[in-house]
Each structure stands twice: as C-alpha cells, then as structure tokens.
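Asks: Structure below; questions to follow.
The values are calculated or read from the model by the stated rules, or taken from the named source; none is laboratory data. Keep in mind that this is a model prediction, so the values were computed, not measured. Every residue, glycine as well, gets a Cβ built from its backbone with ideal geometry; the counts of neighbours run over all protein chains shown.
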Amino acid sequence: MGRTGKVMTCECGAKYREVVKEFDGIECPVMACPSCDDIVFTMEQSKRYHFLKKVEDIRREIKKTRRRKISRLGNSMGILLPTQLKDLGFEIGKNFDIQLVDEGTIIIALSSMDMAGKDHKLKTA
C-alpha cells in the first residue's frame, strides 16, 4: 500500500490490498479490490511500473541488435554500448564494474558509486 499508510477504499466499499499483477509481461505491485477486482496504482507503484516498462522496452530493442564486436582502443579492447542504455544511467564518463562469470560471459553494471539512489542493474552476456 505504499509508505503512506493510508487505507484505500474501492467504490464498492471494500479495502484495496497490495498484490502483484502482470501487465504487458511485467510483474509489479498494484492495489487490488478483493471484491470487484478493480485495480489502481499508487504513485510509487506507477513510477515503478513505468521504470520496469522502460527497461523491458530497452531490453527488447537491444535484443534485436544484440551482436557486438570487440574493438581495438589503443592497446586495450572496447565494446560499443547501445545508446538506449543512457536511459538507465550508462553515460559517457560513468564508472562501471565488470565481472567475469565464466570463459564466455561477463556482467557489466554501473559502479555502486555512480548508482547512488538507483535500484537497478543491467546484465549483459
């Protein structure tokens, strides 16, 4: 029910309960009436849903052009990241962490110092 502690009452008279529902393949918390199945979002739930929807849209777009090439940058190697990742905080000059999972898989995540106030990570393999 969010952090306000307010009791939300449906037009039918029943009290809404926080439940997890799926919309467009995205599971997110909503307020649902146990009597008439009416569903509403709190402001916090709406923001969360729209963030998850944006992540899913970016994930689908990246999946279309998933293949990337490793490039030479001086004596180092580099990969180009899709511009859509800017919406998730991946910007030029940001620090990121890289983790080797196995011989063919890495995880790239924004550095925790650059993620202050954000609760998401994007994994790539």
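Asks: Do we find that Arg72 is basic (Lys, Arg) and under 30 Å from Ile107 (Cβ atoms) in this structure?
Replies: Answer is yes for this residue.
Asks: Additional query: Which members of region 52-85 meet the condition of being of a type in the set (Val, Ile, Thr) and either touching a helix residue (DSSP H, G or I) at 6+ places or on another chain (Cβ under 8 Å) or surrounded by 13 or more Cβ atoms within 10 Å (Cβ to Cβ) (or both)?
Replies: Across region 52-85, the qualifying residues are Val55, Ile58, Ile62.
Asks: Suppose we filter Gly104, Gly89 for residues that are surrounded by 14 or more Cβ atoms within 10 Å (Cβ to Cβ), modelled with pLDDT of 85 or more and not assigned by TED's automatic domain parsing to the domain that holds His50; which single one remains?
Replies: Gly89
Asks: When you go through (1) within 16 Å of the chain's Cα centre (by Cα); (2) touching a residue at least 24 places away in the same chain (Cβ under 8 Å); (3) assigned to a strand (DSSP E or B) one by one for Val101, which number turns out not to apply?
Replies: Among (1) within 16 Å of the chain's Cα centre (by Cα); (2) touching a residue at least 24 places away in the same chain (Cβ under 8 Å); (3) assigned to a strand (DSSP E or B), Val101 violates only (1).
Asks: Among (1) in contact (Cβ under 8 Å) with a residue 40 or more places away in the chain; (2) farther than 29 Å from Leu110 by Cα, where does Gln45 come up short?
Replies: Of everything listed in (1) in contact (Cβ under 8 Å) with a residue 40 or more places away in the chain; (2) farther than 29 Å from Leu110 by Cα, Gln45 misses just condition (2).
Asks: If you don't mind, there's one more thing I want to ask. For region 20-68, give me each residue that is part of a loop (DSSP other than H, G, I, E, B) and at negative phi.
Replies: Cys33, Pro34, Ser35, Cys36, Asp38, Phe41, Thr42, Thr65, Arg66, Arg67, Arg68
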